[in-house]
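Worksheet for the structure shown next.
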Amino acid sequence: MSAPSAPSAASAPQEPQGRPTVSEREARHVAEAAREQGWRKPSFAKEMFLGRFRLDLVHPHPVPAPEDVGRGEEFLAKLRVFSETRIDGALIEREARIPDEVVKGLKELGALGMKIDTKYGGLGLTQVYYNKALALVGSASPAVGALLSAHQSIGVPQPLKIFGTREQKEAFLPRLARTDISAFLLTEPDVGSDPARLATTAVPDGDTYVLDGVKLWTTNGVVADLLVVMARVPRTADSAGGISAFVVEADSPGITVENRNAFMGLRGLENGVTRFHQVRVPAANRIGPEGAGLKIALTTLNTGRLSLPAMCAGAGKWCLKIAREWSGAREQWGKPVARHEAVGAKISFIAATTFALEAVVDLASQMADEDRNDIRIEAALAKLFGSEMGCLMADELVQIRGGRGFETADSLAARGERAVPAEQMLRDLRINRVFEGSTEIMHLLIAREAVDAHLAVAGDIIDPDKSLSDKAKAGARAGGFYARWLPKLVAGPGQLPTSYAEFHPPGHRDLATHLRYVERTSRKLARSTFYAMSRWQGRMETKQGFLGRIVDIGAELFAMSAACVRAEMLRVNGDHGREAYQLADVFCRQSRIRVEELFTRLWSNTDDLDRKVVDGVLAGTYRWLEDGVVDPSGEGPWIADATPGPSERENVHRPIR
């Protein structure tokens, strides 16, 4: 799915049709320019990374308005019937295509407009119910879930909703709510997580822009009617130019979908390569000002990223169902395999993690709906945690199923057994660790936001471009900040045995002890981050292993908090409260083991040795280790040529009407 993982805003010097040459420092500067700089609203996760456990920001658990619940449940009921009767996941997997009738049915159901306001013909669902809908339809077919998510989470509707003009909304949103499929086009053959090198251009010409370039991995691009395209406007004496966002009609002259890509999973995905040659786009179709394209994309993803963990939570629910049914029926050595500890541990992990992941998604989604908090870190943590845990749960299900887990559903059915697509689920989920920001990029993105407060007061000290006087002023600011902040990391409510007592009601598991652990550990996390910044200073950004572990600890603490808060909400509402407390308790105990291991690995690791091995690999020092095998790869360049110009291939674009 084409989506930004590192932001950008400014334009690097380049020839009009050439690929920009961007240094590492310039790329970082461009990425930094696209970040949302301020924090106008509180952030639970930001405070947690600073060692301040603000439980009041998430507890009591926010709840949707009754009218939102009614509208959402009504649609979910219709979508469930549609998913059960009209979506054949096995057929989509077999034919590697979503039948047109299914897409038309989704249009009639209004599924294209789940997040679009009712005044534009949409359903006006909240983020909570949009995510529930994606989890439901994605369980029937992950490819259908991906189509709807790409259309609404990162496609044209969301940036228009936030940044579009009244005229743009009136022109496009009614189409997008009922008939038109959209796609998001950022990635290029040689540009992934470093959009500062974006080569597609949008040259002003009167009241239009002329687009030239090639876009890769355009989810929905093969069938799309409307595109949101990121292209670089050249810098001029009158304009700073920069990467800008445009709404483009997919059937415009000069647009060619040159290839429908195929993948190991999500085989029904309509993902392609799209070439633009002298494509004219009205200036009125530009979203926001010139140069704001990637800032728009990044803001869109603050909530758009929640769609992936939502579908991972749905996958976890299905994994739990299959694990329960299979491991209770399959016997080995005189008892069901679930009763063997080695298998039971896997089932417990799937159950507890599914509960926590749903808690994370629902909490972050409700926070997005209420709009009282800045959730940029929470959404990113949800995506990171969900995509990693979703893959682990699917892998454990395959292991529980044994040889049947590795066997395809069609093969199982052919020999008379239930057609359980466990191996397909594993393949389908794997891309989520890459979609909309790879795990590695998410680590860096979240780490940057997590240390924002430190860089705000002390960043000039390590900036080589700052003068001595600037560094002196920064030193004074930092001294005052740390004199107030550091003493607060010594002690807190997590050391008081009576803290968070409402999370240990009579007859229930003790979740208060886990919240006290989160409070203590958030302070420990902040101290570790500060120590690392003091130790490495300007080299901190190169310590990606360390930063990744810091972020992973934060993700676990966020998930523990969400699980406890959700369990308490369910208890108060009389909705499986006792069982929820049990699941939250088990998840927190499993999570605490992972957290302690991550803390150990902050300082005890092979990061430095790994870098030396990498140097040797790249230098060819270990080429002898590659002897004794054959390489089945085909011929061709590592990266396809993306030189602008007219297409020489057949247009495989096929809009669904």
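The values are calculated or read from the model by the stated rules, or taken from the named source; none is laboratory data. This is a predicted model, so every value here is computed, not measured. Note that we place each Cβ from the backbone using ideal geometry, even for glycine, and neighbour counts take in every protein chain shown. Quick note on the areas: whole protein, heavy atoms, side chains included, nothing else; ligands and nucleic acids left out. Shrake-Rupley method; radii C 1.70, N 1.55, O 1.52, S 1.80 Å.
From the residues Leu57, Ile550, Pro644, which one has its Cα farthest along the dipole of the chain in the positive direction, the dipole being from +1 and -1 charges on Cβ of Lys/Arg and Asp/Glu about the Cα centre?
Positive-end residue among those listed: Leu57.
Could you give the accessible area per residue of the chain, probe 1.4 Å, as a whole number in Å²? Could you put the intermediate results ahead of the total?
Working: 28450 Å² over 657 residues.
Ligands and nucleic acids excluded, the figure is 43 Å² per residue.
Stretched out fully, how many nm does the piece from Val613 to Asp470 gain, at 0.36 nm a residue minus the Cα gap?
In short, 47.6 nm is gained.
Is segment 152-228 rounded, prolate or oblate when judged by the Cα gyration tensor, a ≥ b ≥ c being the square roots of its eigenvalues, rounded requiring a/c under 1.5 and prolate requiring a/b larger than b/c?
Here segment 152-228 falls in the oblate category.
For the chain, what does -39500 (n - 2.57) per DSSP helix run (n ≥ 4), summed and divided by total residues, give at 222 nm, in deg cm²/dmol to the nearest 500?
-17000 deg cm²/dmol
With charges set only on the Cβ (+1 for Lys and Arg, -1 for Asp and Glu), what does the dipole of the chain come to about its Cα centre, in debye to the nearest 20?
Approximately 1640 debye in magnitude.
Between Glu67 and Thr498, what length in nm is gained on full extension when 0.36 nm per residue of separation is reduced by their alpha carbon distance?
Extending this stretch completely gives an extra 151.3 nm.
With a 10 Å radius around each residue's Cβ, average the other Cβ atoms per peptide and rank 68-81, 481-494, 419-432, 602-615, highest first.
419-432, 68-81, 481-494, 602-615
Computed over the Cα atoms of the chain, what is the convex hull's projected area averaged over all directions, in nm²?
For the chain, the mean projected area of the Cα convex hull comes to 32.7 nm².
Read phi for every residue in segment 109-114 and hand back ³J(HN,Hα) as whole Hz from Karplus 6.51 cos²θ - 1.76 cosθ + 1.60, θ = phi - 60°, with x for Gly and Pro.
Residue by residue, segment 109-114 yields 6, x, 5, 6, x, 4 Hz.
What's the FRET efficiency of Asp100 with Asp410 using the Cβ-Cβ distance as r and R₀ = 22 Å, to the nearest 0.05?
Working from the Cβ atoms, E equals 0.45.
Where in segment 75-93 does the label zone of Glu108 land, with the point 7 angstrom along Cα→C-beta and an amide N cut-off under 12 Å?
Under 12 Å, as judged by backbone N against the label point of Glu108, lie 82, 86 of segment 75-93.
Using the structure shown, select from Lys78/Lys132; Lys78/Lys115; Lys115/Lys215; Lys107/Lys295; Lys115/Lys169; Lys115/Lys161 the pairs with a Cα to Cα distance greater than 19 angstrom.
Details: Lys78/Lys132 13 Å; Lys78/Lys115 16 Å; Lys115/Lys215 26 Å; Lys107/Lys295 30 Å; Lys115/Lys169 13 Å; Lys115/Lys161 9 Å.
As for pairs spanning more than 19 Å Cα to Cα, those are Lys115/Lys215; Lys107/Lys295.
Could you give the Stokes-Einstein D for segment 317-358 in µm² per second, using the C-alpha Kirkwood radius, 10 °C, 1.306 mPa s?
Values: Rh = 10.4 Å.
Answer from the Stokes-Einstein relation: 152 µm²/s.
Apply the Karplus parameterisation 6.51 cos²θ - 1.76 cosθ + 1.60, with θ equal to phi minus 60°, to every residue of segment 398-409 and state each ³J(HN,Hα) to the nearest whole Hz, in sequence, with x for glycine and proline.
4, 5, 4, 6, x, x, 5, x, 7, 7, 6, 4
Percent of accessible area on segment 465-563 owned by carbon and sulfur, 1.4 Å probe?
So the carbon and sulfur contribution to the accessible surface is 58 percent.
For segment 378-437, with all protein chains present and a 1.4 Å probe, just round the carbon and sulfur fraction of the accessible area to a whole percent.
Working: 1210 of 2240 Å².
The nonpolar share, carbon plus sulfur, comes to 54 percent.
How large a share of the accessible area of segment 44-150, in percent, is made up of carbon and sulfur atoms when the probe is 1.4 Å and the other protein chains stay in place?
Solvent-exposed carbon and sulfur of segment 44-150 make up 51 percent of the total.
So for segment 201-334, averaging the separation of alpha carbon pairs under 8 Å that are six or more residues apart and normalising by length, what relative contact order in percent results?
Computed over segment 201-334, the figure is 27 percent.
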